[in-house]
């Protein structure tokens with residue numbers, strides 16, 4: 001049990017997680033909540049170093065090594081940033097959490113998703129979000145959105161469309177298996193419509209705390 005509220009946003013690259021996180025933070029601050037925004041990988045100083053190795057290092061990274069690096073980042077992230085904030089009664093919003101590892105490294109890299117989840121659960125000592133928001137969008141449309149930014153893709157963003165299709169399906173499967181924790185939001189909607197859905201569910205959680 002935690003005193004604060006822990007929210008993660010998930011989805012393939014290009015679905016609008018940053019925009020929805022910004023709007024959710026604004027809403028929560030209006031409710032008088034103290035909000036801690038963070039991300040994975042890279043939510044801590046150590047995490048920034050791991051993020052560079054994972055996303056911007058030249059050359060391949062073996063799939064198991066990749067999964068373990070994400071888990072190492074997550075272990076430090078939870079111990080030094082997320083758990084302390086929750087203990088203070090704050091709201092933590094993270095852009096990606098362990099479900100991303102299950103989807104990207106477990107399914108996308110063709111490792112055993114159960115093994116990847118087990119490694120992550122060990123890293124975080126069993127800490128799961130109160131709410132995981134999945135912004136769902138077809139891989140082709142998400143790719144088109146990413147291309148519109150004009151930014152150079154990182155190592156994962158450079159994967160083929162089939163990779164992202166598999167990752168998307170993995171997210172949807174997880175959401176179906178844990179409906180009490182997940183909220184699936186159709187990312188084809190307007191920004192405002194998406195945020196309205198998110199705020200409704202978060203308000204319910206705040207009322208139950």
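Read-outs throughout are calculated quantities, based only on the coordinates presented, and are distinct from any laboratory measurement. Just so it is clear, the structure is predicted and the values come from calculations on it, not from any experiment. FYI the Cβ positions are ideal-geometry reconstructions off the backbone, even for glycines, and counts take in every protein chain you see.
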Kindly indicate whether any position in the range 5-20 is in contact with a helix residue (DSSP H, G or I) (Cβ under 6 Å, 6 or more places away or on another chain), farther than 25 Å from residue 75 by Cα, part of a loop (DSSP other than H, G, I, E, B) and in contact (Cβ under 8 Å) with a residue 40 or more places away in the chain. yes
Subset of the range 150-209 [closer than 16 Å to residue 106 by Cα, out of contact with any helix residue (DSSP H, G or I) (no Cβ under 9 Å at 6 or more places or on another chain) and not in a helix (DSSP H, G or I)]: none
Are there helices (runs of 4 or more DSSP H) fully within the range 22-99 with at least 3 residues that are over 28 Å from residue 199 (Cα atoms)? List them. 45-55, 63-77
Within the range 28-58, tally of residues that are over 28 Å from residue 155 (Cα atoms) and either crowded, with 16+ Cβ neighbours inside 10 Å or without any contact (Cβ under 8 Å) to a residue 40 or more places away in the chain (or both): 6
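Residues being closer than 30 Å to residue 84 by Cβ, outside any helix (DSSP H, G or I) and in contact with a helix residue (DSSP H, G or I) (Cβ under 7 Å, 6 or more places away or on another chain): count how many of those fall in the range 122-149.
Result for the range 122-149: 8.
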Among the residues of the range 138-157, is any in contact with a strand residue (DSSP E or B) (Cβ under 7 Å, 6 or more places away or on another chain), touching a residue at least 40 places away in the same chain (Cβ under 8 Å) and farther than 15 Å from residue 10 by Cβ? no
